[in-house]
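Here is the structure we will look at.
The values are calculated or read from the model by the stated rules, or taken from the named source; none is laboratory data. Since we're looking at a predicted model, the values are computed, not measured. Cβ atoms come from the backbone with ideal geometry, glycine included; neighbour counts cover every protein chain shown. These area figures cover heavy atoms from the full protein model, side chains too; ligands, DNA and RNA do not enter into them. Shrake-Rupley method; radii C 1.70, N 1.55, O 1.52, S 1.80 Å.
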Amino acid sequence: DAEEYQPPIWKSYLYQLQQEAPRPKRIICPREVENRPKYYGREFHGIISREQADEILAGVEGAYILRESQRQPGCYTLALRFGNQTLNYRLFYDGKHFVGEKRFESIHDLVTDGLITLYIETKASEYISKMTTNPIYEHIGYATLLREKVSRRLSRTKNESRKASVTSEENTPVEKITSLVRRAALTQNDNHFNYEKAHNFKVHTFRGPHWCEYCANFMWGLIAQGVRCSDCGLNVHKQCSKYVPNDCQPDLKRIKRVYCCDLTTLVKAHNTQRPMVVDSCIREIEARGLKSEGLYRVSGFTEHIEDVKMAFDRDGDKADISANIYPDINIIAGALKLYFRDLPIPVITYDTYSKFIEAAKISNPDERLEAIHEVLMLLPAAHYETLRYLMIHLKKVTLHEKENFMNAENLGIVFGPTLMRPPEDSTLATLNDMRYQKLIVQILIENEDVLF
């Protein structure tokens, strides 16, 4: 219940430590240094030794200078006072300043971030090592809290008549709840297509204080403090991301297109069993194109196929691909094939590709069928369901072979390279495997009732 919901208690210990961290103090060189790199300021002291740097910085916590190495001219060092000792770091510049992975616009920011990290890791190393042992993530209700709210959001496309009632609730306390709970897992609600999906984490710079939505601890530092899932928006420490389950619930607001989008991501964002573009195109083809001569082999106009692609990217399942707009059914067939070709991970995934090829090489038909069935079981659920649905459709196409001249072998030639691609981008491997790609699809079509 939104009224009874209590937001999580974020753990503020690391935030307090960041506030206590030493502040950077730039020690300016009293003389003008010749040949000073243009991207360094007056904190550059030229060629001096470690001992000289130690004398300049002595007794001033957070003080720093830049120097050129005596042993390696042309190499630069950041000398930084921390914990009553002078620390020396090899300094680099490629348009931004860095000593490790993080890159900074200014030396001041680099030192600020470095002092925060040094201070927190010195004061709380044991605490940090234990952060992931009792995570808030497991208790905050990914499986229980706001089930009704999430179900309602995912059901909007199914039940448009409820749109008004949903809109009227937009300002309830639910909307103020953290992004963590908004992405509550759907294992116990009415979402029947809850395929498992890993989070798509990418290093992220958070503006303003941010807390990890896995362990509830502060994400310290100035930049690149943690990672964010680009599909659902989950914010966690980099070390915490290793422990987050594969329960990503993509947010439609973050999915910018239909084509070229990961298949599982797309179906979870739209809460559909299969990609809506597959359902829409197959529905249209079966309604008016099953007897079309050369279906899937004859190409439609490329420009019109691109128009269909843009319509799906723009309008999703509202895209109009009817005969009024596209009378040539080959355009719709072309748009469907293009969708499969554009997938970043093919329907028959890179992980299973070699296993399918090996299965196709088995000479005994019964053993080959059994081997193909075993590999099918290794496909991700959304990929398996999409392939199953497509094969049922292609089987229907072959039932009209007298009119469309497309049997299972012909369709295998068309869809083999479309549905499966070798992991390595090798023209030779592709050419060598083409007959097996064709054979796999042919067998899947002819035996869809047995294999799926």
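Some observations on this one:
- Conditions (1) assigned to a helix (DSSP H, G or I); (2) touching a residue at least 24 places away in the same chain (Cβ under 8 Å); (3) open to solvent by 50 Å² or more (accessible area, probe 1.4 Å); number of the one not met by LEU378: (1)
- Within the stretch 342-361, if we keep just the residues that are of a type in the set (A, V, I, L, M, F, W, C) and part of a loop (DSSP other than H, G, I, E, B), the residue that is most open to solvent (accessible area, probe 1.4 Å) turns out to be ILE345.
- One residue stands out in the stretch 225-252 among those that are touching a strand residue (DSSP E or B) at 6+ places or on another chain (Cβ under 9 Å) and among the charged types (D, E, K, R): the one that is nearest to GLY316 (Cα to Cα), namely ASP231.
- Selection within the stretch 9-27 - surrounded by 11 or more Cβ atoms within 10 Å (Cβ to Cβ) and among the β-branched types (Val, Ile, Thr): ILE27
- Once the stretch 402-434 is narrowed to residues that are surrounded by fewer than 14 Cβ atoms within 10 Å (Cβ to Cβ) and charged (D, E, K, R), the residue that is nearest to LEU379 (Cα to Cα) is GLU424.
- Index of the failed condition, THR265 passing every other in (1) open to solvent by less than 50 Å² (accessible area, probe 1.4 Å); (2) more than 23 Å from LEU394 (Cβ to Cβ); (3) modelled with pLDDT of 95 or more: (3)
- Subset tally (residues that are in a helix (DSSP H, G or I) and either not assigned by the TED database to the domain that holds GLU284 or not basic (Lys, Arg) (or both)) for the stretch 315-340: 14
Residue-by-condition table, conditions (1) farther than 24 Å from THR117 by Cα; (2) touching a strand residue (DSSP E or B) at 6+ places or on another chain (Cβ under 7 Å):
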site	(1), (2)
TYR40	no, yes
ILE56	no, yes
GLN70	yes, yes
GLY74	yes, no
ALA79	no, yes
PHE82	no, no
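- Note on the stretch 264-314: residues that are over 22 Å from LEU387 (Cβ atoms), outside any helix (DSSP H, G or I) and either touching a Phe, Trp or Tyr at 6+ places or on another chain (Cβ under 9 Å) or of a type outside the set (Ser, Thr, Tyr) (or both) total 6.
- Residue-level check: of (1) buried (at least 20 other Cβ atoms within 10 Å of the Cβ); (2) under 24 Å from MET219 (Cα atoms), HIS45 misses just (2).
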